[in-house]
């Protein structure tokens, strides 16, 4: 079994372990798309954090679509990625348009930077 990976810098990892939020600024948090799921499916970050989605599948393409804002990525094929920087606090649900029938969805919760 292959386990999903979440790639973080040391400071971001320490913050996630301590309180569940990533650091603001130059922080990049990675979400892996694997087995028709986002890993992690729920993510909390501070405002100013960039989230990078990476397709870790071997054959399948996915996308990231924020229906509430009508913002999204193109279809991402294996090993391709897409990024979004979250500047405003709020809750940002998203899903994969090609795999809506598989209930492939996630959410980014953005909290104010401290």
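Readers should treat all values here as calculations from the given coordinates under stated rules, not as data from a laboratory. These numbers come from a predicted model, not from an experiment. Here Cβ is always computed from backbone atoms with ideal geometry, including for glycine, and neighbour counts include all displayed protein chains.
Sorting 69, 32 on the 10 Å Cβ count, fewest up front, what's the list? All intermediate terms of the calculation are to be shown ahead of the outcome.
Details: 69 9, 32 21.
So the residues, fewest neighbours to most, are 69, 32.
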Item to complete: Arrange the following residues from fewest to most other Cβ atoms within 10 Å of their Cβ: 54, 29.
Response: 54, 29
